[in-house]
Structures are given as C-alpha cells and as structure tokens.
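Novice: First, the structure itself, so that you have it in front of you.
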Amino acid sequence: MTTLSSPSQPHVIRRLQQLALTSPTSTSLFYARLWNALLPATQADHESLHTLALCFLQSEEPYSALHLVRDTAGVDDPDGSLVPSRGQVPCYGCAVIVAKCCQKLGRYSEGQAVLNRALRRCTPTNLPTPSPASTSASAQLMLAQLSHKGKAPETAIDSYQKALQEDPWLWEAFTGLCDIESPLSLEAIFPDPPAAPSRASSTRTSRPPTLSPNPMPRSSASEMPGFLPTRKNAHLGTNGNGGGGLFTPDVGGGAGPARLGMLGNPSSWDTPSVMGDTTFQLPDQPPMPASKRPLPNLLSNLIPSSNLLPASFRSNTTTPVNQPEPPKLPAMKRARGKDAAKRAIETPVNGHGNLPLARELRPNGIGNTRDLKAVELNEIVGDDGPVRRSSRLKSNGSSTKSAVPSSKVTTRSRTTRSRSVTSSASGQTNSENVSSPPRSMETQLQSAADEYLRGIVRKCAKAYRHLSTFNCLEAIKELDGLPDNVKNSPWSLDIVARCFYEMAEYVQARRVFVKLLELEPYRIQSMDHYSTLLWHLSDPPTLSHLSQTLISIDQESPQAWIATGNCFSLQKDHEEAMRCFRRATQVDPSNAYAWTLCGYEAIEMEEYERALGYFRNAIRGEGRFYNAWYGMGLVYMRTGKIKYAEHHFRRAVEINPTNAVLLCCVGMVLEQSDDVVQAIHFYERAVHFSPTSSMVQFKRIRALVALQRFDDAIALLEPLSEQAPDEANIFFLLGKCYLRKDRRSEATIAFTTARELQPKLEGAIKLTLEANGEEEEEEDDD
C-alpha cells in the first residue's frame, strides 16, 4: 500500500476523535470501538485506548473500561517502589481512568493507591472528556427514541430521518430506523455528501474541521484504491454433518422445552439440530506496519495559524500606488483588478481546489503580524480601487511613465509577496514558504479521510441492516469485506455470533461468542442470546458460570437474570426460572425477550392463558419481536385453534421470512387444515433457507407421502437416511414407501433398521406390514 493511496492518519484520528467525544452515548461507543480497531494503542500512544475506556464509563460499563486500562496503569505494581516492577512506566491517563472506574464501583482504596503511584511516577496530562453536543440532530434523536417508546412509530421514523439529515454520522439514528422496521435503502446508507456550491462551502468550511460532525466535502475520486486491504476469502463458518440426533444438537442431550429464537419446535422431535461442526476460524490479526501506526494526538495536527493571503491582495500589495491604470489587455490568463476579489470564490489558487475568499477574510485566517500589516496596507493603498499588476509591468518597460512609491511601502509589499504560497506569474509553490499546507489541501486530506471512514461505516451499517431483516448470510458477507482488524473487533464478532444464532448454527455461534468474551470478558450486551444458545446445547456448567459472572458484573441488568432463568429452565425448575425472568422484566419492563421467556415457561407449566398475557406484553414492548408471535401461535396450536395459530405463525414469518422453523410451523398448521399443497410450498421455502436441516427435509418428505408421491419421497429419503443414520423415523417412513412400491426386500431392511434404533416402533411396523402400507397408523413423534 503506497502512501499516496492511503488516508492521512492524523485526519482519520481527528474525525474519529471528534465523533467519539461529541456524539450521543451509543454512537460515541461505536466510533470509539472503530478507532481502537483501526488504530490500536501503542506503547507511546494510548489515545484510542483512553477514548474507548471513557466511552465505556459513559455507557455505565466500568468493568469493561477497567479491563482495557488496568495493565498499562500500574495496578499490580508494589506501592513501596518508585520503579515499576515490569520495567515500564505506567500511563498517567490509564491510571486516572482506573481511579474513575474504582470510584464508580466503590473500590476507593484501590483507586487511591493507583492514582498515588501515577502521581509519583508520571507527569500529569489532560484526558479528553466525552461530552455529547447539544444539537438539533441530538434533539431529533431524543424525540425519535421517546416516540418509539411511546408507541408513535410514525413520529419516531420521521425524527430518525431528520436526525440523519442533520448529522449523517449519527449511528444511533440509523440503528433506530432498523430496529423500528423502517431500514434505509441500501443506496441511502451513509451516502457520499453532495457537491455543495462554493458559497455554501465557504460558510461550512470556515469553521475548524473538528467542530463539525457533518461529512467533509467529497474528494475528487469517488473510490480511493488501496484504502481497504485485499478481501480474504476466508469463510467464517460452514455447515457440516454431525453425528448427533436428528432434531437435537450434537453437543449434549435434549434441552427440554422448545423455544424459538431460540428456534424451538412444538415437539421435542422437531427441535432443530445443529449438524454443522466446522470450526469457526478467524484470521490472525497482522502486526500493524510502521506506516500505519498512530501519529501524535489531535492538538499537534490542528491547522496552523499561518494561513496565507488571497491572490487578489497579493497582487495589489506589489503595485505602486501612483501608477495610472493602463488600458485593459485583450486576453488575460488570471483574474485581474476589481474582478479578482469577486472571482476568488470560484477560482482555485495553485490548483488545490476550494479556497473561498469569505474564509480568508476571517481573522483566524491571517497567519502572522506581517501578513496582518500587509492586509492593513492594502486597505490604505488607494481609494480609487486596486491598481493592476499589468500597470507596473508596463511602467517598467516605458521611460516616459514612471512612478516612485515610498520605500516603506515597497519594502512591506515585497515582504508580503515573498511569503505568498503562489507566484502571480507562474502559480507555483514557493520553496521558502511556511511548511504547513494551504487550507484547500487540508480540506482535501480531511475529505479523503472521511471517504475512507465512510466506506467502513457503510459496510458496518449494511451488515446491521441485513441482520435487522434477518438476512444473515448477506450480513456476514458485508463484514467479511471489512479490514482485518475491524472484522476481528468485538463489534463485528457480536454481529457474526448473532447471525449464526438466528440461523440456528449454534455450534458456530458458540465459537464466535467464546472469541468475543476473550476480547471483552465483562461484556453484557448479547449475553441473553448466548445464554439461550447454551440452553439449546444443553451445557449446564457453562451456562451456570455465565449467569454467575453476569450477576457479579451487574445484577441490575436483564441479561444477567435471563441467563440465570435459562440455567434453572435447563434443570426443569420452571417455577424458579419464571421468577428470574419476571425479575428481568422488573429491571427492564420494555425487554420483550424477558416477557417472551416468561411465556415459554408458562407453556411448560400448561398455563396457556398466562402465557398469552406474557406474549402480549412482549409485543407491546416490541411489535416486531417474532419470538412472541411464534409463542402465541404455539399456544393456539396446542389448544386446537388452528386458524388463530396460522395467523400468528404467518405474522412471525412476515417479520422473519428466513427462519426455517417458522416456515415449518406454517406448513404444519396447513397440513392440519388439509391444505397439503400449500404446506409443501412452505416446506420447500424452509429447505431453501436451511438445506442442511434434516428436520425440515423430513417434514417436506412426509407431506409428499401424504400426496402419494412415493417416487419423489424415496429419492429424498435415501440420501437423508445416510445423512442422519441414527433416526428411526426416517427408516420407518422409507420402509413404508418401499412397501407401497412393492419393494418388499428393501422395505424389510428399512423396517429392521428402524426397529433396532427404536424398539417401541415394532407394533407400528407390524400394522404397516399387515396393511401393505395403506393403513394410516398413528405417527410416533417421541
């Protein structure tokens, strides 16, 4: 990667620091994570680490902040020595953050000791303080969040959109639109800023770039090659075949009650299996080359104060005062005279793009005392308007017309001219000028950095949008296109884990969650999904350890009580599990997942009316929570209200159209309504989204047998029997199909295998043989 094609690291840091320190809480944390992933802390520069830790503190996650900075704060050094035990001077900023965490957690003695050591060994420095700016965008965001909670979705959508129009970098507004079931189109996700008129541009860019959250003016190239590393074709996980039961995970035994979301099924037979056991591999993060190491902090990279004079003023200061104005030349390459000041807004200087006159006339655009005096001199030079430079050239060539200005004026005019960036004759940069680039170059560098960051944020936003619409494979593909250090960051791993969880790929999801907890062992977010995943995999030790850890971190979080409730539910203690889930709803009454789990436990206790009440509470909290719609359909199906069950299952499919279990539930109620053809349609859709699920394929084959399409059923059952050789029901159905096609020898082999796998099928096999496969025996789904 060459230097020319790479964004300017100081400008990338400048934008990320501004976004992390002045945005609302969730947005600040997102950009702080991105900063720490793109430019991780080095031994000499902890700026990204400090910002992320402070954002964790702002988000009420003191343990995560403490975990980030405790190794560099000298926490474990002895108190008696001024020399660190590890030979490394502790970081003063990290020590201050540790002290703040200890103050938040009530661990005052530890914080006092760490801060005392830092004051003795280090030079105190200033830490940035996250302080969300009060802008119209933040006000619109607050209005949207209040409207969302207040059951006014139309107002919430409108406010979210207005907030994004005010501040296109506002991450919370984008995720709010996705969560409220109104995601932006793919083309409207963090779009490139439009080309603004020069006068408007002068107004916007007259402020320092770090004060504006809006995107900088777009660079000349729409795509900047070399910014993103080459995409590696490393797949995060693939499906494989496991050796477990047909509808049970390949880790542990049955998990008891079925859940969705969770992805459970009305019967334990129909619980989706986890056939894949391919190891989730993440590419090792390569060491950052020297060219990409973080550069000094923001203060050392601010635009210097030595800005230069406009071209029109530079030409005027070198012109004698008393020289009469010559006739206008027929052709001029550059603007002259009175029109020069008007054209300076539209005409780039030195080819560097937008350098508006309005900005140059501001007091902060004057570089030094000499330039200031030159500007004052230009205002004194004459009342008849500026004198053309061409008049000086003509006077030098003519002996009849000459003017002798005062020596003081000439000296200062030459001084001003020698300090210009460009020569009015050639337009080239003077080698003796100040070392800082012109403001137009700063704008281009900031635009390039913003373009680079916008490309990364756009991919993250597309991944989040795909996950919100349950298009999980596309979400993983978007994340796979990110730079390696961002792809392996905690935020990306969380999205990948939730994608695998929604796809019922529990083994792969577990591996990603384990990797996530290695990076952030005190994480609270998404741990409710992880606990349910462990419930499906029937792993009581890990689930118990997780619940105790979450309770010790924050016992006022709903995730901690959900994990504890799942632990009791796995042990069939439904009363205690119900108490834990109810405690989660008391901590967060709007937590739809906690209300849904209460409903599942009520179903297990056969309290169907109570379960319906819990599911309704979940839907009130979050209308598009498909798990609650599935739960209500499950209650109606168990109580024999097939039409009501079909309605709620279809509503769940509308929200999550890629969930194979939901599609199978619609197919099941259609079969009970004698609409087998429509049921097969839903089963085929389920197979499309979950081609490796033996449960989904078996349901489709059973519907084909009901339509007496035995040849098609046999063609599908034979490979399925090899894919799941431990399931007796597959061999029993295969033997029945062979018998109907008068293939008795093969039917005998299939029935014998089914009886060996499940001896209690012997009676059903005997009845089937006596009726030659034509009698409809009762299906055994145990």
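The values are calculated or read from the model by the stated rules, or taken from the named source; none is laboratory data. Nothing here was measured: the structure is a model prediction, and the numbers come from that model. Every residue, glycine among them, receives a Cβ derived from its backbone with ideal geometry; neighbour counts consider all protein chains shown.
Novice: List the helices (runs of 4 or more DSSP H) that sit entirely inside the stretch 699-782 and contain at least 2 residues that are at pLDDT 90 or above, within 28 Å of LEU663 (Cα to Cα) and in contact with a helix residue (DSSP H, G or I) (Cβ under 7 Å, 6 or more places away or on another chain).
Specialist: 710-723, 728-740
Novice: Next question. Among LEU68, LEU34, LEU49, which is of a type in the set (A, V, I, L, M, F, W, C) and touching a residue at least 60 places away in the same chain (Cβ under 8 Å)?
Specialist: Being of a type in the set (A, V, I, L, M, F, W, C) and touching a residue at least 60 places away in the same chain (Cβ under 8 Å) holds for just one of LEU68, LEU34, LEU49, which is LEU34.
Novice: Report whether or not SER569 is over 28 Å from the mean Cα position of the chain (by Cα) and closer than 29 Å to PHE56 by Cα.
Specialist: Here the answer is no, as SER569 does not meet what is asked.
Here is a yes/no grid of residues against (1) closer than 28 Å to HIS466 by Cβ; (2) over 33 Å from the mean Cα position of the chain (by Cα); (3) modelled with pLDDT under 95:
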{"residue": "ALA602", "(1), (2), (3)": "no, yes, no"}
{"residue": "PHE625", "(1), (2), (3)": "yes, no, yes"}
{"residue": "ILE642", "(1), (2), (3)": "no, yes, yes"}
{"residue": "PHE649", "(1), (2), (3)": "yes, no, no"}
{"residue": "ILE655", "(1), (2), (3)": "yes, no, yes"}
{"residue": "ALA660", "(1), (2), (3)": "yes, no, yes"}
{"residue": "GLN672", "(1), (2), (3)": "no, yes, yes"}
{"residue": "ALA679", "(1), (2), (3)": "no, yes, yes"}
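Novice: Follow-up question, since we're still on this one. Does GLU684 satisfy the condition of being out of contact with any helix residue (DSSP H, G or I) (no Cβ under 7 Å at 6 or more places or on another chain) and either surrounded by fewer than 16 Cβ atoms within 10 Å (Cβ to Cβ) or modelled with pLDDT of 95 or more (or both)?
Specialist: Taking the combined requirement at face value, the residue does not satisfy it.
Novice: Considering only residues that are out of contact with any helix residue (DSSP H, G or I) (no Cβ under 6 Å at 6 or more places or on another chain) and in a loop (DSSP other than H, G, I, E, B), which ones fall in the stretch 125-146?
Specialist: Passing the criteria: ASN126, THR129, SER131, PRO132, SER134, THR135.
Novice: Scan the stretch 126-159 residue by residue and report those that are modelled with pLDDT of 90 or more and of a type in the set (A, V, I, L, M).
Specialist: Across the stretch 126-159, the qualifying residues are ALA137, ALA139, LEU141, MET142, LEU143, ALA144, LEU146, ALA156, ILE157.
Novice: For the stretch 605-619, which residues satisfy the criterion of being free of Cβ contacts under 8 Å to residues at least 12 places away in the same chain and under 29 Å from the mean Cα position of the chain (by Cα)?
Specialist: Listed by number, the list is empty, since nothing qualifies.
Novice: Hey, among ALA563, ALA497, which residue is out of contact with any Gly (no Cβ under 6 Å at 6 or more places or on another chain), touching a residue at least 24 places away in the same chain (Cβ under 8 Å) and within 30 Å of GLU606 (Cα to Cα)?
Specialist: ALA563
Novice: Given the criteria assigned to a helix (DSSP H, G or I), hydroxyl-bearing (Ser, Thr, Tyr), surrounded by fewer than 24 Cβ atoms within 10 Å (Cβ to Cβ) and at pLDDT 95 or above, does THR585 qualify?
Specialist: yes
Novice: Before we move on, is LEU734 of a type outside the set (Phe, Trp, Tyr) and either under 19 Å from ILE680 (Cβ atoms) or over 51 Å from the mean Cα position of the chain (by Cα) (or both)?
Specialist: yes
Novice: Which numbered condition in (1) in contact (Cβ under 8 Å) with a residue 60 or more places away in the chain; (2) in contact with an Asp or Glu (Cβ under 7 Å, 6 or more places away or on another chain) is the only one that TYR738 fails?
Specialist: Going through (1) in contact (Cβ under 8 Å) with a residue 60 or more places away in the chain; (2) in contact with an Asp or Glu (Cβ under 7 Å, 6 or more places away or on another chain) one by one, TYR738 breaks only (1).
Novice: Right, next: Condition first: in contact (Cβ under 8 Å) with a residue 40 or more places away in the chain and among the acidic types (Asp, Glu). Now tell me which residues in the stretch 504-531 satisfy that.
Specialist: The answer is GLU505, GLU520, ASP528.
Novice: Which is closer than 15 Å to LEU473 by Cβ and of a type outside the set (Ser, Thr, Tyr), of PHE682, PHE698, PHE689?
Specialist: That would be PHE689, the only listed residue that is closer than 15 Å to LEU473 by Cβ and of a type outside the set (Ser, Thr, Tyr).
Novice: While we're here: Do any helices (runs of 4 or more DSSP H) lying entirely in the stretch 439-538 carry at least 3 residues that are crowded, with 21+ Cβ neighbours inside 10 Å, and which ones are they?
Specialist: So the answer is 439-468, 472-480, 490-502, 506-519, 527-536.
Novice: Go through (1) under 16 Å from TYR452 (Cα atoms); (2) modelled with pLDDT of 90 or more and name the single condition PRO7 misses.
Specialist: Here PRO7 meets the rest and fails (2).
Novice: Could you tell me whether LEU769 is out of contact with any Gly (no Cβ under 8 Å at 6 or more places or on another chain), within 26 Å of PHE470 (Cβ to Cβ) and in contact (Cβ under 8 Å) with a residue 24 or more places away in the chain?
Specialist: Spelling it out, it is not the case that LEU769 is out of contact with any Gly (no Cβ under 8 Å at 6 or more places or on another chain), within 26 Å of PHE470 (Cβ to Cβ) and in contact (Cβ under 8 Å) with a residue 24 or more places away in the chain.
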